Structure formats: C-alpha cells, structure tokens
Amino acid sequence: MIKNFSLIMYMSVVTLLEILLGFGLAVVVGLPLGALIVFSRVARLTVYPILVGLQTIPKPALAPIIIVWIGTGLTSKALIAFAIAFFPIVVDTVIGLKSAQIETIYLARSMGANIFQIYRYIRFPNALPAIFGGLKVASTLAVVGAIVGEFVSADKGLGYLVLVANGDLDTKLVFACVLMLTLMGLVFYYAIEGLEALVLHWRVSDDGTGSGH
C-alpha cells in the first residue's frame, strides 16, 4: 500500500464515487417505494412481488446487461451498486412502517390526524431503527455492487486494479486493494451507524441506559 499509495488512492476515489452514487440512488428510490408499498394495497400486491422476483436474479449475471445498455462509464457501475443495495432498504422500510402500534394509530385518528400526519409523526419515527438497519446492510452491498461492475468492465477503480494485479501475479497489490475496500466499507458502515446514533439519540440501547447523554 505504501509503494503504490498514489495509485491505490486514485482508484479508491473512483470506486468510492460509484459506491456513493449507487447507495444514494438506492436511498432515494428505496425509501419512497417502501412507503408506497405500505400506503397502497395495489402497490403491495403488484410492485412488491416484482421486487422480490428481481432480487432473485444473480446480480453478476445482470451486470453485463446493464453495461451493454448503459455503457462502461460511471453510470453503469452506480446502477449495479444500486441494483444490489436498494432491496434491503425497501424491505426494512416496509417492516419499520408496518411495526407501529395499531392502538397509537387509532388514538391519533380519534384526535383528527389524517393519514399523512400519522405517517409523519407515528409511522416514520417508529420505522427509523429498521430503516437504519437497512441502510447499514445496503452500505456494504453497495461496495460489492461497485466491484462487481468493475470486474465486468472498467478501466479504473479498485476492482479493475485487482484484475490487473491478479493478471500480473502481483498478490501484494491484490491484498492492498482488498484491504482498502475493507477499510472503505468499514468507514461507510460506521458513518451510517454514527448518523443513526445522532438521529435516534432518544432510543434506549440494549443495556437500558439509553444511547444519548
């Protein structure tokens, strides 16, 4: 890593951009889609089964198709990362929004709250722990997605560098790239966990002492 530091950092920036774009797109699509599935019975009966069916498709098999359609640039890698990362966000959003106590919802309705107020003040705050769980899973999957895209077709990025180093039998460089990917995944994961601690400071921790002070 020291010997090839500048090269590894340059390739890391490329891969990190793919990861962030894919993850960001997964959040932008996954959260509203999960809310729509809970909000609409039609979406729950039509969209949700389609999503589950799409999730069963092996993403390494889907990656070449995306690259053929979109090209070999940054967009295709971000879309592959999105395709792998967005499903946990949708599922955990659905689970979280449906986990609100029905008695609380009935009470809010009796006090005149409309469906949007119920979502804003009851369902969404109650769903945040589950949503953050989905975000943390998706953060690691976005890393995998970006590398899958680079393995299929790329001329830069850590995945591309792994292929080049492997072809040159440079195992030290391969391990350096794998280590950098691991560090990126850890930093991304714990950044989301830190955001969760800030947003959910009111949530009681496992030891009952509370996560905020």
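So the values come out like this:
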read-out: Signed unit charges on C-beta, dipole axis of region 89-213, positive-most listed residue Gly133, Ala165, Cys177; value: Gly133
read-out: Highest average packing first - 73-81, 13-21, 40-48, 118-126, Cβ atoms within 10 Å; value: 73-81, 13-21, 118-126, 40-48
read-out: Kyte-Doolittle at least -0.5, axis length at least 20 Å by Cα - qualifying DSSP helices, the chain; value: 5-39, 41-55, 74-98, 124-152, 171-199
read-out: Computed over the chain: relative contact order in percent, which uses C-alpha pairs under 8 Å that are six or more apart; value: 26
read-out: Debye, to nearest 20: dipole size of region 50-173, +1 on Lys, Arg Cβ, -1 on Asp, Glu Cβ; value: 440
read-out: Ranked Met11, Met180, Met111, Met1, criterion: other C-beta atoms within 10 Å, fewest first; value: Met111, Met1, Met180, Met11
read-out: With 5 Å bins from 0: P(r) over region 1-69, alpha-carbon pairs, percent; value: 3, 13, 12, 18, 17, 13, 10, 6, 4, 3, 2, 0
read-out: Residue-averaged 222 nm ellipticity for the chain, from DSSP H runs of 4+ at -39500 (n - 2.57), nearest 500; value: -27000 deg cm²/dmol
read-out: At R0 = 30 Å, FRET efficiency that the Cβ-Cβ distance of Val178 and Lys98 yields, to 0.05; value: 0.20
read-out: Residues Thr93, Thr56, Thr140, Thr171, sorted so that the one with the fewest Cβ neighbours within 10 Å comes first; value: Thr56, Thr171, Thr140, Thr93
read-out: Order of Leu31, Leu200 under a 10 Å beta carbon neighbour criterion, fewest first; value: Leu200, Leu31
read-out: Residue among Leu79, Gly22, Ser40 farthest towards the positive dipole end of region 14-155, charges placed on Cβ; value: Ser40
read-out: Rg(Cα)/(2.2 N^0.38 Å) for region 96-136, N = residue count; value: 1.21
read-out: Model label zone, Met9; criterion: amide N under 18 Å from point 7 Å along Cα-to-beta-carbon; scope region 155-172; value: 157-158
read-out: Distance between modelled label sites at Ala191 and Thr72, nm, 7 Å Cα→Cβ extension; value: 2.8
read-out: Column: log10 I(q)/I(0), Debye, Cα scatterers of the chain, q = 0.08, 0.18 Å⁻¹; value: -0.36, -1.21
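The numbers here are math on the coordinates, done by the rules we state, and not lab data. Since this is a predicted model, take the numbers as computed values, not measurements. With ideal geometry, Cβ positions are generated from the backbone for all residues, glycine too; neighbour counts draw on all protein chains shown.
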